[in-house]
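Before any comments, here is the structure.
Each value in this text was obtained by applying a stated rule to the coordinates, not by laboratory testing. In this text the structure is predicted, and so the values were computed from the model without any measurement. Please note: Cβ atoms are built from the backbone with ideal geometry, for glycine as well, and neighbour counts cover all protein chains shown.
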Amino acid sequence: GTCPSMTILENMSLADNKGRAYGLGLGTNKKRISHYREMLSQLGLGLEDMMGTKVGALSGGQRQAMALLMTTMTPIEFLILDEHTAALDPKTAELIMQLTDKIVREKNLTTIMVTHNLRFAVEYGNRLIMMHQGQAVLDKAGKEKEALAIEDLLDQFNEISIETGN
């Protein structure tokens, strides 16, 4: 995530130094500011012009986009996303999903995304596993996953709900 009491610049610097030893020097490398601006400008949210703004003053979507960017600043192989669009309005959630898809593809990341958004589950990724009470009740990959429709997932969900009395 992000540190709301720190500025965008400080958060970016912190993420940029992830995994490195810290000394008593400054945490913000002024030489990297243009690099941070360039990265932030790719989001299309105007954050590159708000480097001195505290992250706590940003909207939920801006914070989520920044957190996703920060998470992938240093090399990683595996990304876990837990309801990362749940608290966002539909337009912002769509933007975050497009950004997620772009980053995952560009960096070739193995990703697990937990979501209750059936459309996102169907449209993104190459494998879908539906869980119920800790058990996989549906597991589709490849062509089977591509052929899935939201209605298929809704039918499965409704079947489970009827069986459990919900």
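Taking a sphere under 12 Å around the Cβ of Leu88 and counting the other residues whose Cβ falls inside, with K and R at +1 and D and E at -1, yields a net charge of -1. Each stretch of four or more DSSP H residues adds -39500 (n - 2.57); spread over every residue of the chain, this sum gives -13500 deg cm²/dmol at 222 nm. A viscosity of 0.692 mPa s and a temperature of 37 °C, combined with the Kirkwood radius over C-alpha pairs in the Stokes-Einstein formula, give the chain a diffusion coefficient of 184 µm²/s. Amide H contacts under 5 Å for Thr111: Leu79, restricted to partners 5 or more places along the chain or on a different chain, H placed in the peptide plane at 1.01 Å from N.
Arrange Met70, Met130, Met12 by Cβ neighbour counts within 10 Å, fewest through most, would you? Ordered by Cβ neighbours within 10 Å, fewest first: Met130, Met70, Met12. Only the Cβ atoms of Lys and Arg (+1) and of Asp and Glu (-1) were treated as charged; on that basis the dipole of the range 8-125 about its Cα centre amounts to roughly 400 debye.
Projecting the Cα positions of Thr53, His84, Ala121 onto the charge dipole of the chain (unit charges on Cβ atoms of Lys, Arg, Asp and Glu, taken about the Cα centre) puts Thr53 furthest along the positive direction.
Relative to the current alpha-carbon distance between Met73 and Asp49, full extension at 0.36 nm per residue lengthens the span by 6.7 nm. Bridges between two residues of the range 23-166, per DSSP, are antiparallel at a rate of about 55%.
For Val104, Val55, Val137, the sequence from fewest to most other C-beta atoms within 10 Å is Val137, Val104, Val55.
Using 0.36 nm per residue of separation minus the Cα-Cα distance, give me the extension gain between Lys143 and Ser5 in nm, one decimal. Write down the numbers at each step before the final one.
Working: separation 138, 0.36 × 138 = 49.68 nm, distance 4.61 nm.
The Lys143-Ser5 span can extend by a further 45.1 nm.
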